[in-house]
Amino acid sequence: MTIQHDKITAYCNEHSIIRNLVHDVWLFDKVDSTGRIASEIAVSGHPGGIIILADSQDQGTGRMDRAWFSPPGVNVYLSFYFLPNLPVREWTLFLPATAVAVVNAIAHVIAPVTALRPTIKWPNDVQLNEKKVAGILLKSHVTGGATASLVVGIGVNVNMVEVPAPLRETATSLRLETGVSIDRTELVQTLIHAMATQYERLEKGDRAACLQTFREGCTTLKRRVRVDTPDQTYDGMAEAVEPDGSIRLRMGDGHTRSVPLSEVVRLR
């Protein structure tokens with residue numbers, strides 16, 4: 001089933017919490033990357049509030065410019081360009097807020113057919129049955145010497161039934177885990193509403209609660225992990241995710257170390 005632009009637009013217009021954030025929805029059959037389009041809009045000085053969707057991408061990317069497998073007609077590829085009403089130093093909070101939104105949206109659409117519950121793997125993955133089903137990417141843009149806008153990119157593996165061989169041990173889709181086809185239009189509607197809800201929480205000052213919800217859904221915490229950075233590898237117990245997005249590890253010698261999100265190449 002195709003993504004239905006008219007239904008998504010009508011849904012956005014019907015809900016005031018979305019209207020306050022989203023001013024237009026663009027849907028493309030095929031693009032190189034929804035993130036690239038959003039970034040072009042950002043540097044043009046557009047006032048923001050644009051959801052960009054595509055039925056397929058041929059140059060989709062995730063963190064560290066890793067390729068994002070984007071076959072046509074089966075998944076959700078979405079980028080949202082907007083101007084947050086938060087101090088720039090707090091924009092990192094949009095990562096946990098978005099992760100919570102993705103978890104809530106996926107949980108809503110799969111609840112009628114499975115007892116599985118999506119979880120968060122720090123820093124930017126959502127998993128189902130311990131395999132990656134969605135990824136999140138944040139990119140800020142600078143215009144005239146000051147940070148002006150933010151692009152939130154989300155990819156959700158929805159109805160694909162074949163995962164490339166190199167990814168089969170770590171990635172999956174909603175259909176592969178539930179055994180049923182998921183309505184992508186409903187998922188996009190639910191996701192946009194969940195994003196608007198979480199972003200409103202942030203802008204109303206409910207930052208601590210948002211971060212706590214993220215922590216409660218994050219299966220990385222209370223586990224021994226290995227974090228690779230360009231210069232070093234850290235082994236330790238993941239104790240907490242800090243407000244700036246970094247992860248706090250309890251090292252073997254008893255000391256703690258916070259590893260910034262920007263330095264993380266891979267977490268195992």
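Counted residue by residue at 0.36 nm each, then reduced by the alpha carbon distance between them, the extension gain from residue 91 to residue 111 reaches 4.1 nm. When +1 charges are put on Lys and Arg Cβ atoms and -1 charges on Asp and Glu Cβ atoms, the dipole computed for region 220-267 relative to its Cα centre reaches about 280 debye. Note on region 5-215: dipole from Cβ charges, positive end direction compared against 185, 86, 49; the farthest Cα belongs to 86. Projecting the Cα atoms of 153, 174, 76 onto the charge dipole of the chain, computed from C-beta unit charges around the Cα centre, puts 174 farthest toward the positive end. Residues 239, 14 in ascending order of nearby Cβ atoms (within 10 Å, fewest first): 14, 239.
Karplus-derived 3J(HN,Hα) values for region 35-40, using 6.51 cos²θ - 1.76 cosθ + 1.60 with θ = phi - 60°, are x, 5, 4, 4, 5, 5 Hz; glycine and proline are entered as x. Taking Cβ atoms as reference points and 14 Å as the exclusive limit, the residues near residue 7 contribute a net charge of -3, counting Lys and Arg as +1 and Asp and Glu as -1.
Exposure proxy ranking for 70, 262, 181, based on other Cβ atoms within 10 angstrom of each Cβ and starting from the fewest, stands as 262, 181, 70. Candidates 95, 109, 128 compared by Cα position along the dipole of region 67-192: farthest toward the positive end lies 95, with charges placed on Cβ.
What list do you get for 78, 95, 83 if you sort them by fewest beta carbons within 10 Å? Numbers along the way, then the final one.
On the way: 78 25, 95 20, 83 14.
With the sparsest Cβ surroundings first, the list reads 83, 95, 78.
Working ranking of peptides 87-93, 213-219 by packing, defined as the average number of other Cβ atoms within 10 Å per residue, highest first, is 213-219, 87-93.
Net charge near residue 120, counting Lys/Arg +1 and Asp/Glu -1 over other residues with Cβ under 14 Å of its Cβ? Kindly include the intermediate steps, with their values, before the conclusion.
Values: positive: 117, 121, 131, 132, 215, 222, 223; negative: 125, 130, 216.
Spelling it out: positives minus negatives among the neighbours equals +4.
Where nothing but the Cβ of Lys and Arg (+1) and of Asp and Glu (-1) is charged, how large is the charge dipole of the chain around its Cα centre, in debye to the nearest 20? Display every interim value, and only then the final one.
Details: 28 positive and 29 negative charges, 139 e Å.
It comes to approximately 660 debye.
Students often get this wrong, so check it: of 7/30; 131/222; 7/132; 132/204, which have C-alpha atoms separated by over 26 Å? Don't skip to the end; give the middle numbers.
Working: 7/30 19 Å; 131/222 18 Å; 7/132 28 Å; 132/204 31 Å.
Listed pairs above 26 Å: 7/132; 132/204.
For region 220-267, the pair-distance distribution built from all alpha carbon pairs, in bins 5 Å wide starting at 0, is 5, 25, 35, 26, 8 percent. Residues whose amide H falls under 5 Å from that of residue 229, counting only those 5 or more places apart or on a different chain, are 234, 265, with hydrogens built in the peptide plane. Residues whose amide H lies under 5 Å from that of residue 4, counting only those 5 or more places away or on a different chain, are 185; hydrogens are built 1.01 Å from N in the peptide plane.
Gain in length, residue 167 to residue 200, computed as 0.36 nm per residue apart minus the alpha-carbon separation, to one decimal in nm?
Working: separation 33, 0.36 × 33 = 11.88 nm, distance 3.50 nm.
Net length gain for the segment: 8.4 nm.
Calculated on the alpha-carbon coordinates, the convex hull of region 176-218 measures out at 68 cubic angstrom per residue. The distance from the alpha carbon centre of region 142-197 to that of region 70-92 is 10 Å, rounded to a whole number.
All alpha carbon pair distances within the chain were sorted into 10 Å bins beginning at 0; the resulting P(r) in whole percents reads 7, 30, 38, 21, 4, 0.
Each reported figure results from applying straightforward, stated rules to the coordinates on display, with no laboratory input. Model, not experiment: these values are computed from the prediction. Because the Cβ atoms are built from the backbone with ideal geometry, glycine has one as well, and the counts that use them run over all protein chains shown.
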